[in-house]
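A short reminder: the numbers here are calculations on the coordinates, not readings from a lab. Predicted model, so just to flag it, every value in this text is computed and none were measured. With ideal geometry, Cβ positions are generated from the backbone for all residues, glycine too; neighbour counts draw on all protein chains shown.
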Amino acid sequence: MKKFSFLSLILLPAILFSFTGSGQAQNVTIDLDSTFQTIRGFGAANIVDWYGQDLTMDDVDVAYGTGEGTLGFNILRLRISPNPADWDNGNQIETARKAHEMGALVWAAPWNPPADMYDPNSDQRKVDPTKYDLYAAHLDSFRVFMENNGVPIYAISVQNEPDYANDWTAWEPEEVVTFLRDYAPMIGTKVMSAESFQFRLSYYDPILTDSLATANTDIIGGHIYGGGIAKYPLAAEKDKEVWMTEHYTSSDRSANMWPDALEVGKEIHRVMNANWNAYVWWQIKRYYSPIHDGVDADTDNFVDRASVGSITKRGWVMSQFSRFIRPGYTRVFADGPYERGYVNVLTSAYVDSARSKMVIVAVNGESAEKDINVNLNGLTTHSFSRYITSEDDNVEQLDDLQIEGFNFSATLPANSITTFVSSDLVATSVEEPLAAPLNYQLHQNYPNPFNPGTSISYHLPVNSNVTLKVFDAVGREVATLVNGQQSAGEHSVNFNAAGLSSGVYLYRLETGNFVSTKKMLLIK
């Protein structure tokens, strides 16, 4: 295997510290000229027949309101029961109608087809290919039923978790392609791909490399249980939105545990930075969810009537994004050279279509307070409103941050999430605009430490010939992740260390005269 030279090994600590800095402050540059995805929104599911309870009307107000004390959601996921007689399950129609009237996009996914549509020749639960037309008609009849009851359906998924079909229906990737290519036009609304439980590209690449299936698919949707968060260039190339359509960070503990609840903030940041358009949690109302149901996490028994319908710490963290980043906002460049001790300080920025409002969300997942210096790169605003969720605060509004010039500094408390909101943004020319987005940048891998997979991202200002390699602590090359020409822009690659032992590893990006090396920690 290839090794670093002895001189390289001597210089390696200096290289690492030259790129990690002093650790005193994280510099972040905002650039409106470097834009990414349009945000479709945030939300969760209300699967009434899963837990046997529906949302109350007050729950809907809390989930889909946008004012103080609400979550600010705008997406609602429903389940398409295989039995049409169950479609009016409890108050599902009334709560869905109210969410729609409050501006929510309502979409639905099937777990199973009607019993008479199963393939009798399959050992698994599968839809009979000779009945794909009936299955499409079944899905569309749900759309018609809901619309007749005042709930327009924004999109319908082909299948929930076709690759994790223990209790529901399985689909092979080629079967999904066939259905989308030949039968999706029978569904009278937007069509979402089948939702892989781990966002496996083996379910999406075949769709997007088939011209007819691509034309009939509006949204690429998937779950991220055990992995899957990464940029998906093929979806961008085909102009398809990518939605995270189901996940929960944990279900074995209360959503009010801190700083555990902050993990969802880190996750939403990663999903947004992967250029995905929407984030949809699992159940809206559960003890581990945004709204509490009064059930004890340890016993699964109803014990706390006072907590029923209350927003949990996890919900408050989610609302730091969902209340302020509204549908139609665009994510813009917000990044800078990583500082030592700032691995879990994560910043993203968004602007409205008029470019007059900006939202910056900063997650501090470190156990100490952290300072950030934000360069607005030619943008002016009088002030930022500030909202914080921490162990002691729930989207607490702080004093406005007054701005002079093109920069501001802020201190992020330990284990907290802060949202900065400006409503009077103006782009102003400056004599020497910063060019941070025009520089080569290698970012810290995430998660770190990791086991066994992690994602490495980097920025190329121009088309470049790139090598990205991983080395062990003594300089032996263990993996080549990238070796070839790549276009300008943001890139991300996954590294799987399943075959490696625990320890410190180094990854090095090299292109032209630019070389950057960072370290990461594998813990098994």
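Note on SER141/VAL493: beta-carbon distance plugged into 1/(1 + (r/R0)^6) with R0 of 56 Å gives a FRET efficiency of 0.85. Scaling the Cα radius of gyration of the chain by the globular reference 2.2 N^0.38 Å produces a ratio of 1.00. Between 0 and 90 degrees, the angle of helix 263-273 with respect to the longest Cα principal axis of the chain falls at about 80 degrees.
Where in region 338-405 are there trypsin sites (Lys or Arg not before Pro) that are in a DSSP coil and have at most 16 other Cβ atoms within 10 angstrom of their Cβ?
Numbers: sites: ARG340, ARG355, LYS357, LYS370, ARG386; in loops: ARG340, ARG355, LYS357.
Here the trypsin sites (Lys or Arg not before Pro) that fit, given the DSSP loop and packing criteria, are ARG340, ARG355.
What FRET efficiency comes out for ASN373 versus VAL515 if R0 is 25 angstrom and r is the Cβ-Cβ distance? Round to the nearest 0.05. Write out the running numbers ahead of the final one.
Working: r = 26 Å, r/R0 = 1.03.
Approximately 0.45, to the nearest 0.05.
Work out how much length ASN121 to LEU481 would gain on full extension: take 0.36 nm times their residue separation and subtract the Cα-Cα distance, in nm to one decimal. Don't skip to the end; give the middle numbers.
Values: separation 360, 0.36 × 360 = 129.60 nm, distance 4.23 nm.
Stretched out fully, the ASN121 to LEU481 stretch lengthens by 125.4 nm.
When LEU398, LEU139 are arranged by Cβ crowding within 10 Å, least crowded first, meaning fewest neighbours, the order is LEU398, LEU139.
Between ARG340 and ASP182, what length in nm is gained on full extension when 0.36 nm per residue of separation is reduced by their alpha carbon distance? Please report the intermediate quantities before stating the final value.
Working: separation 158, 0.36 × 158 = 56.88 nm, distance 5.32 nm.
This chain segment gains 51.6 nm when fully extended.
With axes computed from alpha carbons, what is the tilt in degrees of helix 92-101 against the longest principal axis of the chain, rounded to the nearest 10 within 0 to 90? Long axis of 92-101 versus the principal axis of the chain: about 50 degrees. By the compact-protein rule of thumb, 2.2 N^0.38 Å, the alpha-carbon radius of gyration of region 245-372 corresponds to a ratio of 1.16.
Do any chymotrypsin sites (Phe, Trp or Tyr not before Pro) in region 87-132 lie in a DSSP loop with no more than 11 other beta carbon atoms within 10 Å, and if so, which?
Values: sites: TRP87, TRP107, TRP111, TYR118, TYR132; in loops: TRP87, TRP111.
In loop regions of region 87-132 (DSSP not H, G, I, E or B), there are no sparsely surrounded chymotrypsin sites (Phe, Trp or Tyr not before Pro).
Taking GluC sites (Glu not before Pro) in DSSP loop states with no more than 10 other Cβ atoms inside 10 Å as exposed sites, the chain has its longest site-free stretch at 69-430.
From the largest down, region 388-507 spans 51, 42, 21 angstrom on the principal axes of its Cα atoms. Beta bridges from DSSP with both residues in the chain: antiparallel share about 70 percent, rounded to the nearest 5. Cross-link pairs exceeding 23 Å between alpha carbons, from the set LYS126/LYS240; LYS313/LYS370; LYS240/LYS357: LYS126/LYS240; LYS240/LYS357. When both region 145-218 and region 453-504 are represented by their alpha-carbon centers, they are found 32 Å apart.
Only helical runs count toward this figure. For the chain, summing -39,500 (n - 2.57) over DSSP H runs of n ≥ 4 and dividing by all residues gives -5500 deg cm²/dmol at 222 nm. Taking the three principal axes of the alpha carbon atoms in region 441-522, the coordinate ranges are 35, 22, 17 Å, sorted in descending order.
Evaluate E = 1/(1 + (r/R0)^6) for ALA306 and ASP128, where r is the Cβ-Cβ distance and R0 equals 35 Å; express this FRET efficiency to the nearest 0.05.
Numbers: r = 50 Å, r/R0 = 1.43.
About 0.10, to the nearest 0.05.
Given their separation in residues at 0.36 nm each and the Cα-Cα distance between them, LEU212 and GLN402 gain 63.1 nm when the chain is fully extended. To the nearest 10 degrees, how steep is helix 173-182 against the longest Cα principal axis of the chain, on a 0 to 90 scale? Helix 173-182 sits roughly 60 degrees off the main axis of the chain. Each label was represented as a point 7 Å from its Cα along the Cα-to-Cβ direction; for TRP168 and TRP50 these points are 0.8 nm apart.
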